[in-house]
Amino acid sequence: MNGKSMHIVVLGGTGFVGRRLVSRLLSDGHAVTVLSRNPAVHADRLLAPGTVLRQVDVYDPAALRAALAGADAVVNLVGILNESGDDGRGFRRAHVELCQQVIAACRDGGPQRLLQMSALNAGRGGSHYLASRGESEAAVKASGLQWTLFEPSVIFGPGDGLFTRFGALLRLAPVLPLACANARFAPVYVGDVVEAFARALRDRHAVGEVYELYGPEVFTLGEIVKLSARQLGLRRLVIPLPDLLGRMQGLAFDFVPGKPFSSDNFRSLQTDSVGGIDGLHRLGIAPTRVAAVLPDILGGPDDKEHRYTRYRAMH
């Protein structure tokens, strides 16, 4: 685990964090295999040259065991922010059942090194999302494997589900009703999250550790939206919703395809995502501030695309 080249299998390697982590692991000299149930779905998500992409049903125990055989480490990044309906079954399948399958495959002749993505506040609060994250953490800790857990706050970077998502909404809507506007976050840069995984992988002292990953600044959700609007040069009215209306907004979106918001999101946002023990500092990583990256995420008011958007809005 100290500078040695390894064969690493990544689950969730085609996602927002996964693509960047795969690229980093390859640049560190590791061999990387990404498992996907349907690689064709991810054809537009270019993986770094040298990545081995294998079609595997990760919920099939035999297929997963075969895919992990001979690997030195496995990284499980699989996660969802919303499920179909609101009964917790989707979260348990993605976070708990899959994690248990990975652990079983590792125990049955697979790699003994496991790096598991979780979330800040795992096991706390009243949401299915956080409950399932906490349950998967308990399984990892009891696994007997050489595990490391990562608990990020909301992750930001180009193409994220935070500034990018709100930027798209702000371009369309002059008025934005916002549930949980006072919910607090310490957003962590995706590059810092990737660095944390890369460092922990080669550090034997990271085995058995839980790293809270959060940035140096705390924002409310309302402040994040207003910051996005300023970066885009847009004047927008952000209306904080009382909790009752926020709950109703979540209920209204529970069964909408794509789920821009949900009842479980509302419940998760009742617990501030700000951290307590700085995992980036423990790993020797200087955190990235939002202002350093926001222009790369959203562009700015002088960008050609945004000038054209404003032109269309005026005519």
Task: Contacts under 7 angstrom Cβ, first residue in the range 145-166 being over 17 Å from residue 195 (Cα atoms), partner buried (at least 23 other Cβ atoms within 10 Å of the Cβ) and among the aromatic types (Phe, Trp, Tyr), 6 or more apart - done: 162/156; 163/156
Open item on the list: Can you pull out every residue in the range 217-240 that is part of a loop (DSSP other than H, G, I, E, B), surrounded by 16 or more Cβ atoms within 10 Å (Cβ to Cβ) and touching a residue at least 60 places away in the same chain (Cβ under 8 Å)?
Closed with: 234, 236
Open item on the list: I'm trying to understand the selection: among the residues of the range 261-284, which are of a type in the set (Val, Ile, Thr) and touching a strand residue (DSSP E or B) at 6+ places or on another chain (Cβ under 9 Å)?
Closed with: 274, 277
Task: Checklist (1) over 20 Å from the mean Cα position of the chain (by Cα); (2) surrounded by fewer than 17 Cβ atoms within 10 Å (Cβ to Cβ); (3) not aromatic (Phe, Trp, Tyr) applied to residue 80, failing item - done: (1)
Open item on the list: Within the range 90-109, does at least one residue satisfy the condition of being modelled with pLDDT of 95 or more, part of a loop (DSSP other than H, G, I, E, B), within 30 Å of residue 269 (Cβ to Cβ) and touching a helix residue (DSSP H, G or I) at 6+ places or on another chain (Cβ under 9 Å)?
Closed with: no
TODO: Determine whether residue 53 is aliphatic (A, V, I, L, M) and in a strand (DSSP E or B).
DONE: yes
Open item on the list: If I filter the range 141-152 for residues that are over 19 Å from residue 77 (Cβ atoms) and either among the polar types (S, T, N, Q) or modelled with pLDDT of 95 or more (or both), do I get at least one hit?
Closed with: yes
- [ ] Test residue 239 against the stated conditions and say whether it is of a type in the set (A, V, I, L, M, F, W, C) and within 21 Å of the chain's Cα centre (by Cα).
- [x] no
Open item on the list: Condition first: outside any loop (DSSP other than H, G, I, E, B) and closer than 17 Å to residue 37 by Cβ. Now tell me which residues in the range 76-89 satisfy that.
Closed with: 76
Task: Near pairs, Cβ below 6 angstrom, 6+ apart or cross-chain, from the range 120-132 (in contact (Cβ under 8 Å) with a residue 60 or more places away in the chain) to any residue that is in a loop (DSSP other than H, G, I, E, B) and among the aromatic types (Phe, Trp, Tyr) - done: none
Task: Residues located in the range 6-49, provided they are modelled with pLDDT of 95 or more, under 14 Å from the mean Cα position of the chain (by Cα) and over 17 Å from residue 66 (Cα atoms) - done: 12, 13, 16, 17, 18, 19, 20, 21
Open item on the list: I need the full set of residues from the range 265-278 which are under 16 Å from the mean Cα position of the chain (by Cα) and outside any loop (DSSP other than H, G, I, E, B), in order please.
Closed with: 265, 268, 273
TODO: Name, by its number, the condition in (1) surrounded by 15 or more Cβ atoms within 10 Å (Cβ to Cβ); (2) free of Cβ contacts under 8 Å to residues at least 60 places away in the same chain that does not hold for residue 55.
DONE: (1)
Open item on the list: Step by step: first the residues of the range 113-158, then only those that are within 26 Å of residue 202 (Cβ to Cβ) and aromatic (Phe, Trp, Tyr), then the one that is nearest to the chain's Cα centre (by Cα). Which residue is that?
Closed with: 156
Open item on the list: Being within 17 Å of the chain's Cα centre (by Cα), at pLDDT 95 or above and farther than 28 Å from residue 243 by Cβ: is that true of residue 215 here?
Closed with: no
- [ ] Taking residue 67 as meeting all but one of (1) exposed (fewer than 14 other Cβ atoms within 10 Å of the Cβ); (2) at pLDDT 95 or above, write down the number of the exception.
- [x] (1)
Task: Hits in the range 196-212 - residues which are over 14 Å from the mean Cα position of the chain (by Cα) and either part of a helix (DSSP H, G or I) or over 23 Å from residue 280 (Cα atoms) (or both) - done: 198, 199, 200, 201, 204, 205, 206
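The values are calculated or read from the model by the stated rules, or taken from the named source; none is laboratory data. Predicted, not measured: the structure shown is a model, and the values here were computed from it. Quick reminder, even Gly has a Cβ in these numbers, built from the backbone with ideal geometry, and neighbours come from all protein chains shown.
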